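J.: Before we start, here is the structure in question, set down as structure tokens.
The values are calculated or read from the model by the stated rules, or taken from the named source; none is laboratory data. Bear in mind that the values here come from a model prediction, so they are computed numbers and not experimental data. Note: ideal-geometry Cβ built from the backbone for every residue, glycine included; neighbour counts use all protein chains shown. Calculation scope for accessible area: heavy atoms of the full protein, side chains included, ligands and nucleic acids excluded. Shrake-Rupley method; radii C 1.70, N 1.55, O 1.52, S 1.80 Å.
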Amino acid sequence: MSEPDNTAAAVNDDPSRRDFIYIAAGATAVGAVGAIAVPLVAQMNPAADTLAMASTEFDLTKVQEGQQIVIKWRGKPVFIRSRTGAEIKAAQDTPLADLKDPQTDADRVKAGKEQWLILVGSCTHLGCVPTFGAGDYGGWFCPCHGSHYDTSGRIRKGPAPLNLVVPEYDFLTDTRVKIG
Amino acid sequence: MSDHPSTYVPKTGFEKWLDSRLPIVRLAYDSFVDYPTPKNLNYWWTFGGILSVCLAIQIITGIILAMHYTPHVDYAFNSVERIMRDVNYGWLIRYVHANGASMFFFAVYIHMLRGLYYGSYKAPREVLWILGCIIFFLMIATAFMGYVLPWGQMSFHGAVVITNLIGSIPLIGGPILTWLQGGFAVDQATLNRFFSLHYLLPFVIAGVVILHIWALHVAGQNNPAGVEIKSKEDTVAFTPYATVKDGVAIIVFLFLFSVFVFFMPNALGHADNYIPANPLVTPAHIVPEWYLLPFYAILRAIPDKFGGVIAMFGSIAVIFALPWLDTSKVKSMRYRPVMRWFFVIFVIVCLGLGWCGAQLPDAQVIPGLPSFTLFDGQLNSYLWLTRLFTIYYFVFFLLIMPWIGLKEEPLPVPASISEAVLAEHNKKKG
Ligand code: FES
């Protein structure tokens, strides 16, 4: 900076210099507000320990045919259902045209393991836990606002827009799965 | 504060000293003592005072409860039970706080319906009305988060359902939901932040209440005749006339409050909330607290998820727009022979929506009555009854309000408040 010239005339004579200072100061303030907002907003997002959620292993011999067991994974329920032959057939025979969110049963289970249906037990409407075995399609019924799911966990009737979500999972052995 | 000149005369030396530095006594005097009040106010006008009492009760009992409550998923439920069993007078303070929320909403609904009936939202009181709507919205948010804190079954699954509403927004809904919950499900992070916000929001409400009263004192109070104050003849001093009338109403209101607190403290709650939260099992019948049932019913009336959310928020948004939806020149429905009937139906519909919100959508309204399927549900079901009510709710604001206002032939409106009072007086005398 050169010697400041503080006479009124000098200030008035140089409007562009004034404007520059205003704009620069304003831009700095906006930048500062943004920089302050980032941590204040971001702290609400899942913390590192929440993100580092462990995967869960499960022993399938605990589930009897025609039953399901509910386990907790990432704070949410996961359904592990051992389907009967009739339930599998009903799911496979459903024409895609009847579905709100068309997906074949084969896409929702692992090949050769059709007996095992593993789903996030969270209604795709507003997140209630659907009731096992109830509803018009023998799969699940969500008591909150009346969504009916079939034996493949696909939405058939009611306000839910999508099928129950299939989480990522792998068979470690024939009787052990790892979810997540 | 308002356009009436200040009549405060500081008497003592201290008052004079203070008045020239911070005229706070003058402000209080002009606002609550010598404030000119329409002389025809009826008891429906006492609910503003009642609501201030409600807010004070909630803040005081809430601060005390926070001294004993633990916002942790493992301890929250037990800490509430400890308040009920072990903390000295804890049962009393918690029951006052829990029933206080219901009383607060009871009073605010009457206050809002009073404003609706007497046209208190019309020029020059639009800003006053909108500030009131903001308070109402903040009350809903506060009450919802407060209901989550005991971490019972209804608390937990209510929180799941309501936060998931946000998730239905296309594209950005998912990330916002995770941000709001602080994880992938309602959990510790959610409970902790709800506690923080539940403590904060009542003070925000108190701030908006101050603006609400400020706006009230700039525009002046509306009154049952719906004509503005024309002369000093039309008014009485706020103190003692309005203060005492408010006082009587507050005492009666506190009687009702006490009946709930001491004789039926759980009548308005839900038994399921005395079961500790279990993320793996949803209660068979999940309902919000009674005061949110009408909005919950509107949410369920729409077959589409995002559409339901829009309708629910829309049902609150239309209240904000009310000053511009009503086209009538006449404020008070006393002089609106057609509109008042639509108002009566509106009140019944709101109660009906509340009733429907508590029922299972597929249940039959009239048991045994044969019916048929219309689109996606039986006609004789709460689903369709709710839809009917929802349609009226929106038609009332969006069509009836503007249309009747233009078509209706209002009754002769009195020239002044005094004239209205005298006419009524003469009528009574026969
Ligand atoms: S949450 Fe399942 S139907 Fe609404």
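J.: Once you have a ≥ b ≥ c as the square roots of the Cα gyration tensor eigenvalues for chain B, tell me rounded if a/c is under 1.5, and otherwise prolate or oblate according to whether a/b is larger than b/c.
T.: oblate
J.: Say we join alpha carbon atoms closer than 10 Å with springs in a Gaussian network model of chain A; which of A:112, A:26, A:85 then has the biggest fluctuation?
T.: Answer for the Gaussian network model of chain A: A:26.
J.: Taking Rh as the Kirkwood radius computed over C-alpha pairs, what is the Stokes-Einstein D of chain A at 37 °C in a medium of viscosity 0.692 mPa s, expressed in µm² per second?
T.: Rounded, D is 161 µm²/s.
J.: Take every Cα pair under 8 Å in chain B that's 6+ residues apart, average their separations, divide by the length, and report that relative contact order as a whole percent.
T.: 21 percent.
J.: Near residue B:170, within a Cβ-to-Cβ distance under 13 Å, what is the net charge of the other residues, with Lys and Arg +1 and Asp and Glu -1?
T.: In short, 0.
J.: Here's a follow-up. Go through region B:324-414 and name the chymotrypsin sites (Phe, Trp or Tyr not before Pro) that are in a DSSP coil and have 12 or fewer other Cβ atoms within 10 Å of their Cβ.
T.: B:372, B:375
J.: For the charge dipole of region B:35-288, defined by +1 on Lys and Arg C-beta atoms and -1 on Asp and Glu C-beta atoms about the Cα centroid, which residue among B:162, B:179, B:223 has the Cα displaced farthest towards the positive pole?
T.: Of B:162, B:179, B:223, it is B:223.
J.: Could you please report the charge total around residue B:141, scoring K, R as +1 and D, E as -1 over all other residues with beta-carbon less than 14 angstrom from its beta-carbon?
T.: Local charge sum for residue B:141: 0.
J.: Then there is this: If packing is taken as the mean number of other Cβ atoms within 10 Å per residue, what is the order of B:4-10, B:80-86, highest first?
T.: Put in order of decreasing packing, that is B:80-86, B:4-10.
J.: Okay, moving on. Ranked from highest to lowest mean number of other Cβ atoms within 10 Å per residue, what is the order of the peptides B:45-53, A:45-53?
T.: With the highest mean Cβ count within 10 Å placed first, the list reads B:45-53, A:45-53.
J.: Can you put B:166, B:366 in order of accessible area, largest first, using a 1.4 Å probe?
T.: Ranked from most to least accessible, the order is B:366, B:166.
J.: Kirkwood hydrodynamic radius of region B:24-154 from all distinct Cα pairs, in Å?
T.: After inverting the pairwise mean of 1/r, the radius is 17.1 Å.
J.: Using a Gaussian network model of chain B whose springs link C-alpha atoms within less than 10 Å, name the residue from B:196, B:120, B:102 with the highest mean-square fluctuation.
T.: Largest GNM mean-square fluctuation: B:196.
J.: Something else about it: Explain nothing, just the number: dipole magnitude of the protein assembly as shown about its Cα centre with +1 on each Lys and Arg Cβ and -1 on each Asp and Glu Cβ, in debye rounded to the nearest 20.
T.: Magnitude of the dipole: close to 1400 debye.
J.: Give me Rg over Rh for the protein assembly as shown, both radii from the alpha carbons and Rh done the Kirkwood way, two decimal places.
T.: Rounded to two decimals, Rg over Rh is 1.05.
J.: Taking Cα pairs under 8 Å and at least six residues apart, what relative contact order does region B:35-288 come out at, in percent?
T.: Once normalised by length, the contact order is 36 percent.
J.: Can I ask one more? Let me have the relative contact order for region B:141-286, percent, based on Cα pairs under 8 Å that are six or more residues apart.
T.: Answer for region B:141-286 is 42 percent.
J.: Over region B:35-288, what per residue volume does the convex hull of the Cα atoms give, in whole Å³?
T.: Hull volume normalised by residue count: 142 Å³.
J.: Could I ask something else about it? For region A:36-87, which chymotrypsin sites (Phe, Trp or Tyr not before Pro) are in a loop by DSSP, counting at most 16 other Cβ atoms within 10 Å?
T.: Sites meeting the loop and neighbour criteria: none at all.
J.: Now a separate question. Which net charge results when you count Lys and Arg as +1 and Asp and Glu as -1 among the other residues whose beta-carbon is under 12 Å from that of residue A:123?
T.: With Lys, Arg at +1 and Asp, Glu at -1, the neighbours total +2.
J.: Also, I was wondering about something else. Within 10 Å of each Cβ in peptide B:148-157, how many partner chain Cβ atoms are there on average? Round it to a whole number, please.
T.: 1
J.: Averaged per residue, what accessible area in Å² does region B:35-288 show with a 1.4 Å probe, protein chains only?
T.: Accessible area per residue: 43 Å².
J.: Averaged across B:286-292, how many Cβ atoms of other chains sit within 10 Å of each residue's Cβ atom?
T.: Mean shielding by partner chains, rounded to a whole number: 1.
J.: Tell me the total accessible area that A and B bury against each other, 1.4 angstrom probe, in square angstrom rounded to 100.
T.: Result for this pair: about 2300 Å² buried.
J.: Let me ask something additional. Considering only A:20, A:141, A:132, give the residue with the highest GNM mean-square fluctuation for chain A, with springs between Cα atoms whenever their separation is below 10 Å.
T.: A:20
J.: Using a 1.4 angstrom probe on heavy atoms only, work out the carbon and sulfur share of the accessible area of chain B in %.
T.: Using a 1.4 Å probe with all protein chains present, chain B comes out at 73 percent carbon and sulfur.
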